[in-house]
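Structure, as structure tokens:
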Amino acid sequence: MYPEIMVIPMREELTRAGITEARTGAEVDEAIKQPGTTMVVVNSVCGCAAGKMRPGVRMALQHTSKPDHSVTVFAGQDREATDKARSYFQGHPPTSPAIAMFRDGQLVYLLQRSAIETSNAPAIAQELARAFETYCAKANA
């Protein structure tokens, strides 16, 4: 674990964008079980989180369609919350960073480290915007 003072700016980069931080397993459970769509961002201190994932997530949240709820956990810092979030990524190996999308508590989308580290922030934003359109767009009445 890194000293908390070092990771505060990395946490705040997502919370300033309106993403709620979950630091316990119970907070993760509560977030994922909310009705509608929930994006779960597994944050990290690594370079691909700093230069690609976090900026990509912030850009994607400017899109017209977006999740009803967004929550973040911090790998390597908040172990209980991260382990709980990863327990919902059934059948997928744990990676950080990662971005998951849930609809009514069911995993419908997962962007893992392998895709994040081979992309740039705008490409990640574009991919997330596509996922938002697919899983979060509201039907016109």
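The figures follow:
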read-out: Cα gyration tensor category, rounded, prolate or oblate, for the stretch 4-131 with a/c compared to 1.5; value: rounded
read-out: Ranked Ser65, Ser114, criterion: other C-beta atoms within 10 Å, fewest first; value: Ser114, Ser65
read-out: Positive-end residue, the chain charge dipole about Cα centroid, Cβ charges, pick of Val28, Ser65, Ile8; value: Ser65
read-out: Range in the chain, longest, excluding exposed trypsin sites (Lys or Arg not before Pro) [loop by DSSP; at most 12 other beta-carbon atoms within 10 Å]; value: 34-137
read-out: Total lysine pairs under 23 Å (Cα atoms) in the chain, excluding pairs fewer than 8 apart on one chain; value: 5
read-out: The chain: relative contact order in percent, alpha carbon pairs under 8 Å with at least 6 residues between; value: 32 percent
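Bear in mind these aren't lab numbers, they're just calculated from the coordinates by the rules spelled out. If you're wondering where the values come from, they're calculated on a predicted model, not measured in any experiment. Glycine gets a Cβ as well: all are built from the backbone with ideal geometry, and neighbour counts include every protein chain shown.
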